[in-house]
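In what follows, a structure is listed as structure tokens, so that the remarks can point back to it.
Nothing in this text is a laboratory measurement; each read-out follows from the coordinates by a stated rule. If you're wondering where the values come from, they're calculated on a predicted model, not measured in any experiment. Don't worry about glycine lacking a Cβ; one is built from the backbone with ideal geometry, like all the others, and counts go over all protein chains shown.
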There are 2 protein chains.
Amino acid sequence: MRITRAFDYTLRALMHMGKFPEGSVFMRSDLAKVILVPNSFLGKILQNLAKSGILISERGKKGGFRLGRAPKDIGIYEIFIVVDGPLNINNCMDKGFQCEASCDCQATHMWQDIQNSLEAKLKTYTLADISKADFCAVK
Amino acid sequence: MRITRAFDYTLRALMHMGKFPEGSVFMRSDLAKVILVPNSFLGKILQNLAKSGILISERGKKGGFRLGRAPKDIGIYEIFIVVDGPLNINNCMDKGFQCEASCDCQATHMWQDIQNSLEAKLKTYTLADISKADFCAVK
DNA sequence: AGTAAAAAAGATATCTTAATATAGTTTGTA
DNA sequence: TACAAACTATATTAAGATATCTTTTTTACT
């Protein structure tokens, strides 16, 4: 019951970017160093975010990534879906799943309840909420 | 962000057992067939549950597994911890974790909030809630 | 045009979870 | 006490998530 590494890395990247003035451009390799995420893996992650529109990528020299919208308009739940796909906390919650094991499984109701509350909780956060500028003595 | 297969299988087994009169004994191989869980994998799961006291195992001929307590006294959260260990939705929530990536990471507050609500939700359920007898026309 | 810097894409390797297989131990019963 | 039925323990394999590496494509600048 953990978030994936990809989702953690994604938030680290977006959080960092959200702390700078709108339109700021970031190079993957610089980003990787600052947020301590494996460079190549970060590449995949950023590509995926760019496809979804959360990031905008610019290729070639002077290229890089920047946020596609203001942090307050980027929801954490939305990010989650882009990175991990639909939120289904058990495989029996997947769309179209047919259960062979039980004709009247009451766990389904529980899964649904838990999943709903998780979804609702994720939807209360935006990137802005976790992306305020740091005030650190040393760094 | 899924539960593990082991946790799903565990609940299937316990749910099934909870539907029978207290003290009923179940053989692993029978159980495996009914709840459609791989026999050997179920073996490990049941052993683990037996170690924790949620189940009681009896070896030898006529042996098997039975619930250690009444379903209403077995909490879903408790089962979760036995199967998957402490609930930490991100590795930075693990006990003793020291973050190198950020001096003031606001995501931590979000993770804690989400984790608390998940924990609270799990604690509202007991085995009894998901273990009522079936009323199925065909089976 | 040529070169260097950057992202994109695809192939490969590693590590953890899930599943299987095999041999070992305990116990009831004839 | 011998045997078979059950749980126990350990080792091996498979699958999926995580991470890396290499090549290709795009673009700015000289």
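Yes or no: B:Glu78 more than 9 Å from DNA strand D (Cβ to nearest atom), surrounded by fewer than 14 Cβ atoms within 10 Å (Cβ to Cβ) and among the charged types (D, E, K, R)?
Criteria not met by B:Glu78.
Identify, by number, the condition in (1) within 21 Å of A:Ala101 (Cβ to Cβ); (2) within 16 Å of DNA strand C (Cβ to nearest atom); (3) not acidic (Asp, Glu) that B:Pro71 doesn't meet.
(2)
When you look at A:Gly64, is it within 7 Å of DNA strand C (Cβ to nearest atom) and either more than 14 Å from chain B (Cβ to nearest Cβ) or surrounded by 13 or more Cβ atoms within 10 Å (Cβ to Cβ) (or both), yes or no?
It is true that A:Gly64 is within 7 Å of DNA strand C (Cβ to nearest atom) and either more than 14 Å from chain B (Cβ to nearest Cβ) or surrounded by 13 or more Cβ atoms within 10 Å (Cβ to Cβ) (or both).
Which one of these does A:Asp134 not meet: (1) under 25 Å from B:Ile35 (Cβ atoms); (2) surrounded by fewer than 17 Cβ atoms within 10 Å (Cβ to Cβ)?
(1)
Out of all the residues in the stretch A:59-93, which are among the aromatic types (Phe, Trp, Tyr) and either in contact with a His (Cβ under 9 Å, 6 or more places away or on another chain) or assigned to a strand (DSSP E or B) (or both)?
A:Phe65
Which of the residues spanning the stretch B:127-139 are among the aliphatic types (A, V, I, L, M), under 21 Å from the mean Cα position of the chain (by Cα) and either at the interface with chain A (Cβ under 7 Å from one of its Cβ atoms) or part of a loop (DSSP other than H, G, I, E, B) (or both)?
B:Ile130, B:Ala133
Working only within the stretch A:14-50, note down all residues that are more than 15 Å from DNA strand D (Cβ to nearest atom) and charged (D, E, K, R).
A:Lys19, A:Glu22, A:Asp30
Examine the stretch B:67-74 for a residue that is under 25 Å from B:Arg2 (Cβ atoms), free of Cβ contacts under 8 Å to residues at least 12 places away in the same chain and away from DNA strand D (no atom under 15 Å from the Cβ), and state whether such a residue exists.
no
Residues checked against (1) more than 8 Å from chain B (Cβ to nearest Cβ); (2) within 18 Å of the chain's Cα centre (by Cα); (3) free of Cβ contacts under 8 Å to residues at least 60 places away in the same chain; (4) at positive phi:
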position	(1), (2), (3), (4)
A:Asp84	no, yes, no, no
A:Asn88	no, yes, yes, no
A:Cys92	no, no, yes, no
A:Glu100	no, no, yes, no
A:Cys105	no, no, yes, no
A:His109	no, no, yes, no
A:Ile114	no, no, yes, no
A:Glu119	yes, yes, yes, no
A:Tyr125	no, yes, yes, no
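Applying the selection to the stretch B:1-27, what residues are among the polar types (S, T, N, Q) and within 14 Å of chain A (Cβ to nearest Cβ)?
Correct list: B:Thr4, B:Thr10.
Looking only at the stretch B:6-35, filter to residues that are within 13 Å of DNA strand C (Cβ to nearest atom) and free of Cβ contacts under 8 Å to residues at least 12 places away in the same chain; which one of those is nearest to the chain's Cα centre (by Cα)?
Among residues in the stretch B:6-35 that are within 13 Å of DNA strand C (Cβ to nearest atom) and free of Cβ contacts under 8 Å to residues at least 12 places away in the same chain, the one nearest to the chain's Cα centre (by Cα) is B:Asp8.
Only residues that are near DNA strand C (Cβ under 10 Å from one of its atoms) and either surrounded by 15 or more Cβ atoms within 10 Å (Cβ to Cβ) or touching a residue at least 60 places away in the same chain (Cβ under 8 Å) (or both): list them for the stretch B:44-56, please.
B:Ile45, the sole residue that qualifies.
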